[in-house]
Amino acid sequence: MENTGKQLMLGNKAIARGLYEAGVCFISSYPGTPSTEVTEEAARYDEIYCEWAPNEKVAMEAAFGASLAGRRSFCAQKHVGLNVAADPLYTMSYTGVNAGMVVLVADDPGMHSSQNEQDSRYHAIASKVPMIEPADSEEALEFTKLAFDISEKFDTPVIIKMCTRVAHSQSVVETGERKVPEFHYEKNISKYVMMPGNAKKRHPFVEERTARLREYAETAPINKVFMGGTGAGIITSSTSYQYVREVFGDSVSVLKLGMVNPLPVDLIRDFASKVDKLYVVEELDPIIENHVKSLGIEVSGKDKLPICDEFSQNLVAKAFGKEVAEGYSIEDEIPGRPPVMCAGCPHRGLFFTLKQNKCTVLGDIGCYTLGAVPPLSTIEMTLCMGASISALHGFNKVGGEETEKKTVAVIGDSTFMHSGMTGLADIAYNQTNSTVIILDNSITGMTGHQQNPTTGYNIKGDPAGKIDLEALVKAMGIERVRVVDPYNLEECDRVIKEELAVPAPSVIISRRPCALLKYVKHNGPLKCDREKCVGCKSCMRIGCPAISMKDGKVVIDETLCVGCGVCTQLCKFGALKGEA
Amino acid sequence: MDTKNIMIVGVGGQGSLLASKILGHLLLSQGYDVKVSEVHGMSQRGGSVVTYVRYGDKVYSPVIDKGEADYIVSFEILEAARWLSYLKKDGQIVTNTQQIDPMPVITGAAEYPSDLADKIKSAGAKIDAIDCLSAAKEAGSAKAVNIVLLGRLSHYFDIPEEAWMASLEANVPAKFLEKNKKAFELGKHSA
C-alpha cells in the first residue's frame, strides 16, 4: 500500500510495516496505550489477518495457535497487558514455536497513560524469552523482521520492547518488500503438550537455548559499539541511547544494546576494558547495571540517574554535571490543565448521580477513571482491568448490608469483556448483593475508539459477531438487569436507588455511545439566557468543560457544547436552552 | 546544521497532531533528518498536550527540553505561558490569543492569569499573538486554527510557499483543502 522509499513514520506504524515485510499472516491484540497503533496500522494491509481479542491472554494464545498452524504471528500489548498474558508467555517459552511468533510490549515511563511504571524487561528475564529493543522507527522496522528470524532459528517466542517515546515518535524509515515464509503443522505431543513429564524435558532445552542466545548476543549486529575515546564508556539502550548521543555526540564511547535479554558477557567485558570509567544509562530499573555488577565490573548508574519517570537530554546532561540552557519565566501561577471528560460524555450524568447519592464507587480502567477528578471526585479505587467488580465483591463480603446499600462498581463495555465477567461470576456464585454498573458507550474509548465484542463490528469496521450484554449477564445468574440512559438524570437516580436497596445482586447498564463517535448525531450547542441566569453555579457541579462563568453569569463554549442537555436538568431557572 | 526545535502546545482535541504531521512532512521534503514526538491516550481528553518537532542533519532525542525550543507554536495563550521555560533565548512564540478555561478555573480552584501576552513580552520573550479562531471562522471552519497558526509560522521560515502547500495537500483531506489553504493565507498575512 505505501510506496517504497524514505518516509517519516510513527514507531508503531514502522512495527506494522515490519510485520508486513516479515510476511506475518495473523495478528491478535487488545488495545492499550502506547501499543494500540501497531495493530491498527497492520490492519490496513489486506494481506494480514488482524483482530481485536477480548483481552491480551486470549490474543497471545490465538497468535500461538496461528504459529502452530504454520504462519508467522504476532500480538501487541501495553506493559500491564503483558501481565494478563504472562500465563501463556511463560509456558510458550517451553513449547517454542512452529512459524515465528513475536510479542510486542510497550512500556510507559513517565506514565503518560498508565496506572503503573513497571519495567517489562523482568518478564523477558523471568520467562527466559529473548527481548529486543528498538530506539527509533528505522530500528522498529528492522528489528521486527529480525525478531521473526530469531524466533524460528532458536525455536522461541521473541519480545519486542517499545516505550512511549519510540512508539509515538515519527522518524525516517526506508521500506522494503513482503516475503511470506510457510511452515506446516506437525503433531508433536512432547513439544506442545506441557504436562509435567514433557515440561520437565523442555526446561533443560530452555536453559540451553538461553546459553545459545547469549552467545548470539555477543556478536549480534543489533548490539553496537561506537568508540569515542577511552575516557568514559556508556552502556545504554532504546530512547536513553538517543539522549546520550544528544548530550555527548561522539565525545564518549557507547555500547548500544539492541538485545536486552539475554545480555552479553564478553561484549560488555571487552567494552569495559577499553574505557577508564563505565556508566549505564537506562530508564526505570537497573537491569543492565545489575548484570554488569554481577560480572564484577565497577559501574555507575542509578547512583546518578532516577528509577522513577522518563529521561530527557537535560536530565542526562545534569546527571553528568553538564550545564543546561534556561528558558523564560513569568511570575503568575499557571493553573493546571488535567484531562477531563469531554463535553457530552455519557459518563458525566451517571457519575453526577452517584455523587448525589453519596455512593462509594470502585472504578476500573478507561476514560471513566476521570470520574475521580474534581469536581465529580467520585471514584475511590482504580487498580487494574476488571478489579472494580471483584473488589466490590470482597468489599461487600466484609462490609455486609451497610456497604451493599451504597457501594457500586463502574466498568466500561470493553473492560467488562476483558476481565469483568470473571468478577461478576464471583458475585453470582459466592453471592453478595452487589450493584455493578456497566458503562456501555459502544466502543473502547480511551485508547482511541477500537471495536470490541459488544459493538457488532470488527477491527476493519465490518459487521461481526455481537455479544448481548443483557443476555450474557442474565446467563451468568444475575437476574436483576436494568438499562438506563445516562443523559437522563431522573432515570439514573431512580434506578440506582432501587438497585442499591434491593437485597440481590444486580447489573445496571448505562447505555449511550461515546460523544466523539463519528456516527453520533448531536444537537446544536446550548445557549445561556443571561436574563434568566442568576449565577447559582448549579450547572457547574457536573464539571463540563463547555460551561464557565464570565461576569457572574454562565457562558457556554459553542465550539465544545454538543447539546447533551444534562446541565439543563440542573438549572431551576430555565436559563440553559437549545436553539429553537 | 544544528538541530532546530519546534514545540506545538495546546489543549487536547485542538488539532495539534495534524499540525505536527504537516510540519514533519514539510521538513523531510526539505532534506532534513526529522523526528516528531506525539502524545496519545489520556491527556488527549482536554488536557494540556505538547508535540515536539525536531529537524537538522542528524536528530537523536525525540523530545525537546527546557531552554531548547526555537519556536513555540501555541493553540491557547495559557499553554504558551505554561511552556515558556522551554523557549530558547531569542526563540519565537507564535500563539493563538484564544482562552480556554481549564477545569481548576471552571471549578473556581484557580484563576486564569490576566494579560498573558504582555507578561510574556515583559519577560523578554518574542511573541506573535494572533486571533486564530476568528481567522479560522473567516476561512470557513473553526477547526482550522491549526492551519492559521502554521500560516503564521511560515513567516519565520525560509521555505517556499509551494512546499508548504504540497505538505498541506498531502495531509489534509481533499474536501477540506480549500478552506485550509484560505486559513493558511489568513494566518500568513495576519499581524
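Among residues of the range A:328-339 that are over 17 Å from B:V9 (Cα atoms), those with a beta-carbon under 7 Å from a residue that is assigned to a loop (DSSP other than H, G, I, E, B) and of a type in the set (A, V, I, L, M, F, W, C) at least six positions away or on a different chain give the pairs A:I330/B:A123. Taken together, the residues in the range A:123-149 that are part of a helix (DSSP H, G or I), more than 25 Å from A:S171 (Cα to Cα) and aliphatic (A, V, I, L, M) amount to 3. Taken as a whole, the structure places B:V50 among residues that are crowded, with 18+ Cβ neighbours inside 10 Å, under 26 Å from A:D136 (Cβ atoms) and in contact with a strand residue (DSSP E or B) (Cβ under 8 Å, 6 or more places away or on another chain). Yes or no: A:S294 within 30 Å of A:R269 (Cβ to Cβ) and of a type in the set (S, T, N, Q)? Spelling it out, A:S294 is indeed within 30 Å of A:R269 (Cβ to Cβ) and of a type in the set (S, T, N, Q).
Among the residues in the range B:115-124, are any facing chain A (nearest Cβ under 9 Å) and in contact with a Gly (Cβ under 9 Å, 6 or more places away or on another chain)? Checked against the condition, which is being facing chain A (nearest Cβ under 9 Å) and in contact with a Gly (Cβ under 9 Å, 6 or more places away or on another chain), the range B:115-124 yields no hits at all. Looking for something within 16 Å of A:V436 (Cα to Cα) and touching a residue at least 60 places away in the same chain (Cβ under 8 Å) - is there at least one such residue anywhere in the range A:517-536? There is no residue in the range A:517-536 that is within 16 Å of A:V436 (Cα to Cα) and touching a residue at least 60 places away in the same chain (Cβ under 8 Å). In this entry, B:A142 passes the filter for residues that are surrounded by fewer than 16 Cβ atoms within 10 Å (Cβ to Cβ) and among the hydrophobic types (A, V, I, L, M, F, W, C). Scanning the range A:194-209 for residues that are closer than 27 Å to A:P262 by Cβ, without any contact (Cβ under 8 Å) to a residue 12 or more places away in the chain and loosely packed, with under 13 Cβ neighbours inside 10 Å returns A:P196, A:K200, A:K201, A:P204, A:E208.
What is the residue count in the range B:86-107 for residues that are within 29 Å of B:F157 (Cα to Cα) and of a type in the set (A, V, I, L, M)? Adding up the residues that qualify gives 4.
Among the residues of the range A:537-580, the ones that are under 21 Å from A:F351 (Cβ atoms), within 14 Å of another protein chain (Cβ to nearest Cβ) and either of a type in the set (K, R) or not in a helix (DSSP H, G or I) (or both) come to 14 in all. Would you confirm whether any residue within the range B:85-99 is assigned to a loop (DSSP other than H, G, I, E, B), facing chain A (nearest Cβ under 9 Å) and not polar (S, T, N, Q)? No; the residues of the range B:85-99 include none that is assigned to a loop (DSSP other than H, G, I, E, B), facing chain A (nearest Cβ under 9 Å) and not polar (S, T, N, Q).
Taking the residues in the range A:513-545 that are under 29 Å from the mean Cα position of the chain (by Cα) and of a type in the set (G, A, S) as candidates, determine which candidate is surrounded by the fewest Cβ atoms within 10 Å (Cβ to Cβ). In this case the residue turns out to be A:A515. The listed residues are B:K137, B:K181, and the only one of them that is within 25 Å of B:Q30 (Cβ to Cβ), in a helix (DSSP H, G or I) and not hydrophobic (A, V, I, L, M, F, W, C) turns out to be B:K181. Of all residues in the range A:16-54, those being out of contact with any Lys or Arg (no Cβ under 6 Å at 6 or more places or on another chain), closer than 20 Å to A:A99 by Cα, in a helix (DSSP H, G or I) and of a type outside the set (A, V, I, L, M) number 2.
Rundown of residues vs (1) at pLDDT 95 or above; (2) of a type outside the set (S, T, Y); (3) within 28 Å of A:E117 (Cβ to Cβ), yes/no style:
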site	(1), (2), (3)
A:F311	yes, yes, yes
A:K318	yes, yes, yes
A:D332	yes, yes, no
A:C342	no, yes, yes
A:F352	yes, yes, no
A:L362	yes, yes, yes
A:V373	no, yes, yes
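The set of residues in the range A:96-115 that are more than 14 Å from chain B (Cβ to nearest Cβ) and either surrounded by 23 or more Cβ atoms within 10 Å (Cβ to Cβ) or under 22 Å from A:P31 (Cβ atoms) (or both) comprises A:V97, A:N98, A:A99, A:G100, A:M101, A:V102, A:V103, A:L104, A:V105.
Selection over the range B:6-36 of residues that are more than 7 Å from chain A (Cβ to nearest Cβ) and either at positive phi or not in a helix (DSSP H, G or I) (or both) gives a count of 11. Testing B:V39 on (1) touching a helix residue (DSSP H, G or I) at 6+ places or on another chain (Cβ under 8 Å); (2) facing chain A (nearest Cβ under 7 Å); (3) closer than 19 Å to A:V166 by Cα; (4) not in a helix (DSSP H, G or I), one condition comes back false. Which one is that? The number of the failed condition is (1).
Checked against (1) crowded, with 23+ Cβ neighbours inside 10 Å; (2) more than 7 Å from chain A (Cβ to nearest Cβ), B:D57 passes all but a single condition, namely (1). From the list A:K57, A:K13, the lone residue that is outside any strand (DSSP E or B), among the charged types (D, E, K, R) and within 14 Å of another protein chain (Cβ to nearest Cβ) is A:K13.
The values are calculated or read from the model by the stated rules, or taken from the named source; none is laboratory data. All figures in this text were calculated on a predicted structure; none of them were measured in a lab. Glycine gets a Cβ as well: all are built from the backbone with ideal geometry, and neighbour counts include every protein chain shown.
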